[in-house]
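Novice: One structure, pasted below without further comment.
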Amino acid sequence: MNHHPVQRVIARYQNGVVLKGHTRDFHPAQDSFHLLPADSFPGTPLTEVQLRDLKGVFFVHRLDGDPDHRASNVFEPTDVTPGQRLRVVFNDGEVMHGTTLGYGPGVRGFFLLPADERSNNERCFVMAAATREVSFL
């Protein structure tokens, strides 16, 4: 029996495909996880998502996001989030700033907490292979 909480995630593939849904079995050390698509109906099979194909897994507050929010990469002066502050440039040109406790040379991926406190992203698991540049701020 699976007792992991259901998490809202957006799986963003390196080729631009986006899958939105829910998962109970994401773990950064595993090669894949299962996603129940957001638009599914009872009996819909789970989709197996391979981490190696992803840009990242975005754990979100809402699957539909906030269309009025404009993303910011600015840390609030009051931000005391523990960890190292990073600037991540993805292969597709997207830039994210955030903090991490797990980045280092040779890692397959790492969790990043966004600098933007009003972001729909609670955190994301960035696949290192999908990044062009990672630098400390």
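Each value in this text was obtained by applying a stated rule to the coordinates, not by laboratory testing. Being a predicted model, the structure only gives us computed values, none of them experimental. Note that we place each Cβ from the backbone using ideal geometry, even for glycine, and neighbour counts take in every protein chain shown.
Novice: Subtract the Cα-Cα distance of residue 29 and residue 122 from 0.36 nm times their separation in residues, and report this length gain in nm to one decimal.
Specialist: Values: separation 93, 0.36 × 93 = 33.48 nm, distance 1.97 nm.
Residue separation times 0.36 nm, minus the Cα-Cα distance, leaves 31.5 nm.
Novice: A further question on this structure: How much length would be gained if the chain were fully extended between residue 61 and residue 74, taking 0.36 nm per residue of separation minus their Cα-Cα distance, in nm to one decimal?
Specialist: On the way: separation 13, 0.36 × 13 = 4.68 nm, distance 1.96 nm.
Fully extending the segment from residue 61 to residue 74 adds 2.7 nm.
Novice: Looking at 45, 103, 81, which one has the Cα that reaches farthest to the positive end of the dipole of the chain (charges on Cβ: Lys, Arg +1; Asp, Glu -1)?
Specialist: The Cα lying farthest towards the positive end belongs to 103.
Novice: Using alpha-carbon pairs under 8 Å, 6+ residues apart, how would you state the relative contact order of the chain in percent?
Specialist: Working: 284 pairs, mean separation 31.0, N = 137.
Result for the chain is 23 percent.
Novice: With the radius of gyration and the Kirkwood radius both derived from the Cα set of the chain, what is their ratio Rg to Rh? List each step's numbers first, then the result.
Specialist: On the way: Rg = 15.0 Å, Rh = 15.6 Å.
Here the Rg-to-Rh quotient is 0.96.
Novice: Let me ask another. Roughly speaking, what is the centre-to-centre gap between the stretch 13-36 and the stretch 88-135 when only Cα atoms are used, to the nearest Å?
Specialist: 16 Å
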